[in-house]
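Worksheet for the structure shown next.
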Amino acid sequence: MTEAESATGTAEAVADAESHNEPAIGTKDKLEELCVNTIRFLSIDGVEKAKSGHPGAPMGMADMAFVLWTEFLRHDPSQPHWQDRDRFVLSAGHASMLLYSMLHLTGYKEMTLEELKHFRQWGSKTAGHPEYGHAEGIEVTTGPLGQGFANGVGMGIAGRMMAARFNGSGFDPVQSHIYCFCSDGDLEEGISSEAAAIAGHLGLGNLIYLYDDNDVTLDGDKRLSFSEDVKKRFEAAGWHVQRIDGHDRDKIRKAIKKAQK
């Protein structure tokens, strides 16, 4: 193929991609979509191989996980116990394959592909719900819905207490955030309301929670069991609340930046 023909072929490929409203191969959007779909399909494959688990939540939260873990979460897979790391809490513990996929893809040595293949198997590090101590990068055990939500608030209080003791005079060694993914099921539990109330009362600005409002529970459609205006609930508790399309990665970026401020 001549150089001219090659250039023509590329132009045709770009035009074809645009005609299907898809980013051309090689663009940032296309690469990001490949990354997000890798997260999704690792989760799907793990659940399918185990014949057990929850694929829906990892698929729905993959865009948020990609943006958070690659652009905002301050962590070092080679130093997983770094004291001032950001903490990631998966309160929706049934979406555990999402966490395991992120740990594998971001370089945590213990979370090998073989471990992902042994999801929900006896003796594996990839339990059906994340368990603290099974593998580095799992910050807290989450199974009962709402538990991780409250644990994150406790971490936020601890962070603020440490900052009050050690930050100052131009030296601020404590700057970490706690990021939490929570689900409809988490917010149906009373513990999340109580924890949210004290977090708002204390003004814990080091907490950033991303709520996967997907309108589906194990009961079926969410409207069968839950009809609260969640935005108003959290605003009443003193939280700063934003509502966005959780699959729009640019909106996710902007929302997290705004939350950090």
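Table: residues versus (1) of a type in the set (Ser, Thr, Tyr); (2) part of a loop (DSSP other than H, G, I, E, B); (3) in contact with a Phe, Trp or Tyr (Cβ under 6 Å, 6 or more places away or on another chain).
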| position | (1), (2), (3) |
| --- | --- |
| 205 | no, yes, no |
| 210 | no, no, yes |
| 223 | no, no, no |
| 228 | no, yes, no |
| 231 | no, no, no |
| 235 | no, no, no |
| 240 | no, yes, no |
| 243 | no, yes, no |
| 246 | no, yes, no |
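How many residues are surrounded by 14 or more Cβ atoms within 10 Å (Cβ to Cβ) and over 17 Å from residue 160 (Cα atoms) if we restrict to the range 73-88? Summing the residues that are surrounded by 14 or more Cβ atoms within 10 Å (Cβ to Cβ) and over 17 Å from residue 160 (Cα atoms) in the range 73-88 gives 4. Note on the range 176-203: residues that are surrounded by fewer than 18 Cβ atoms within 10 Å (Cβ to Cβ) and farther than 21 Å from residue 96 by Cα amount to 8. Here the condition is being touching a residue at least 24 places away in the same chain (Cβ under 8 Å) and buried (at least 17 other Cβ atoms within 10 Å of the Cβ); of 214, 206, it holds for 206 alone.
Within the range 44-57, the only residue that satisfies the criterion of being at pLDDT 95 or above, touching a Leu at 6+ places or on another chain (Cβ under 9 Å) and either surrounded by 21 or more Cβ atoms within 10 Å (Cβ to Cβ) or not in a helix (DSSP H, G or I) (or both) is 46.
Residue 167 meets the conditions (1) surrounded by 17 or more Cβ atoms within 10 Å (Cβ to Cβ); (2) out of contact with any strand residue (DSSP E or B) (no Cβ under 8 Å at 6 or more places or on another chain) in every case but one. The failed one is (1).
The values are calculated or read from the model by the stated rules, or taken from the named source; none is laboratory data. Here the structure is a predicted model, which means the values were calculated and not measured. Please note: Cβ atoms are built from the backbone with ideal geometry, for glycine as well, and neighbour counts cover all protein chains shown.
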